Structures are given as C-alpha cells and as structure tokens.
Amino acid sequence: MRTRTLALFAMAALAASTAAADLPAQAPGATTLDIVQKADLLAAHQSWDAAVAAYREAIAASPADPVLRNRIGVCYQRSGDGKAARASYKKALDLRKDYAEAWNNLGTLEHARGKYKPAISAYGKAIQLKPQDAVFHKNLGAAWLARGDMEKALEAWGEAFRLDPSGFEGDAIKVPAAGVALSRQYYLYAKLLAARGQTEKALEYLVMAHAAGFNDFVKIEADTDFATLIVDPRYAALK
C-alpha cells in the first residue's frame with residue numbers, strides 16, 4: 001500500500017541515506033519534539049531498538065499521547081515483539097478509542113498469528129472510523145481470503161482499488177493471507193483488475209501468479225472476468 005501495512009510514518013520512505021549509527025546523539029536538554037523527531041528518524045532507518053528507547057523517553061514526557069503509543073507499537077511489531085506491540089496498541093486505544101491506525105495495526109498482529117476473526121473485527125473498526133483508507137480495506141481482503149471467503153476478499157479489495165488504484169501497482173500485497181498460496185493471491189488480484197477493465201495491471205499480476213506456480217489456464221479461460229485479457233497475445237505467451 002504506498003507502504004503502510006503497519007501504518008508506518010510518512011518518513012519511512014527512507015529517502016535519507018545516512019546510517020542509523022551516524023545519527024547525532026540526543027542533545028542535553030532536548031525537547032519532547034526533538035526526542036520524537038529522532039525516534040521517527042530511527043524508525044525510518046529501521047533501527048527498532050533505538051527507536052523504542054527514544055519513544056519510551058518521549059512517552060515518559062507525554063504519557064497520554066496515543067500517537068506515541070501507536071508508533072512504539074509499530075517498532076515492537078517490526079522487531080518481532082508481538083506482546084509488547086499489542087500492549088502498546090491497546091494502550092493507544094485506551095487513550096483514544098477512535099484511533100483508526102491503531103485498530104488496523106492491532107488487526108495486523110492478529111492476522112500474522114492466524115487469528116483471522118479478531119483481525120477482521122479490528123480492520124472493520126478501522127474502516128468504520130476511516131472508510132476512505134484503502135490500506136485498511138486491502139488488509140481486510142487478505143484476512144477474508146485467509147478465512148476462505150473469496151467473495152468477501154474480492155469485495156474488500158474492490159473497495160481498496162476504488163479508493164486507490166495505484167495501490168495495485170507492482171507488488172501490492174502488504175499483509176499476506178497466511179495459509180494461502182501467493183500464486184492464488186496474485187491470481188485473485190488479476191481477476192479483480194481484469195473485471196475492472198485494468199487489463200495491463202491484470203496481466204502483470206497474472207504473470208506474477210504464473211511465476212509463483214499458478215497454471216490453471218482452464219479456470220482463467222472459463223471466467224468471464226478475464227474475457228478481454230485472454231485475447232491478448234501476451235496471455236498466450238504464458239501458456
């Protein structure tokens with residue numbers, strides 16, 4: 001998703017090339033804003049432990065700030081500490097129950113554990129609060145697919161596409177549907193895009209699906225969603 005599965009900070013695009021070890025030490029008497037900015041920069045460099053330490057310092061100064069709790073939760077999650085991440089997201093939600101990003105992030109934790117029902121519930125709450133966020137719909141689609149409901153997965157992905165077509169460019173699967181072959185996920189993306197007339201993008205995903213092991217061409221050719229795609233010479237080259 002414009003890379004934001006975990007609702008990472010905008011600066012996480014990693015435009016800077018400075019190594020985390022080269023970041024300046026925190027100046028004596030630094031303000032909370034200074035500390036947060038350094039924490040954000042450390043997170044952008046994926047220096048998760050150092051970012052956690054900085055966010056803890058910021059939280060000590062602003063314990064009622066739900067944004068800081070959410071951000072430190074992202075760092076915990078990215079470093080593999082799901083328990084601490086969950087506690088941080090829940091604290092963020094205790095402080096602000098309408099925090100859509102924290103609900104989404106909590107959903108990704110459950111999703112990663114294969115707990116799809118609570119993941120779907122958390123994504124649903126995020127969507128209720130921010131229905132225009134394509135990322136949340138995309139995550140929801142992956143969770144429904146993991147539960148075996150292709151129709152609901154396509155419905156959620158369809159809404160994600162409507163809100164942000166660019167999110168389906170390139171490798172757009174941000175929260176994988178655990179237990180579902182990557183080839184199947186790419187195939188379903190191709191189906192969705194083909195049904196919406198996005199033949200070029202649909203073909204790209206079909207190529208990726210084929211590379212990942214999908215080869216059920218009979219199924220494709222029997223599906224009316226692929227009607228315009230199967231007459232493309234590039235489709236024939238896949239077989």
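The values are calculated or read from the model by the stated rules, or taken from the named source; none is laboratory data. Computed from a predicted model, the values in this text were never measured in an experiment. FYI the Cβ positions are ideal-geometry reconstructions off the backbone, even for glycines, and counts take in every protein chain you see. For accessibility, only protein heavy atoms count, side chains too; no ligands or nucleic acids. Shrake-Rupley method; radii C 1.70, N 1.55, O 1.52, S 1.80 Å.
Observations, loosely collected:
- Pairs from the table (K90/K191; K152/K201; K38/K117; K97/K201; K38/K201) lying more than 31 angstrom apart at Cα are K90/K191; K38/K117; K97/K201; K38/K201.
- The lysines whose alpha-carbon is closer than 19 Å to the alpha-carbon of K91, local same-chain residues fewer than 8 away aside, are K83, K125.
- For the stretch 158-166, Karplus couplings with θ = phi - 60° (6.51, -1.76, 1.60), whole Hz, Gly/Pro x: x, 5, 4, 5, 4, 6, 8, x, 5
- For the stretch 79-204, the Cβ-based charge dipole about the Cα centre amounts to some 540 debye (Lys, Arg positive; Asp, Glu negative; other atoms uncharged).
- Fraction of accessible area attributable to carbon and sulfur, the stretch 41-134 (%, probe 1.4 Å): 50 percent
- Per residue solvent-accessible surface (Å²) - the stretch 49-112, probe of 1.4 Å: 42 Å²
- With the highest mean first, a sort of the peptides 46-54, 148-156 on other beta-carbon atoms found within 10 angstrom per residue produces 46-54, 148-156.
- Cross-link reach is defined here as a Cα-Cα straight distance under 18 Å, omitting same-chain residues fewer than 8 places apart; for K115 the aspartates and glutamates meeting it are D81, D149.
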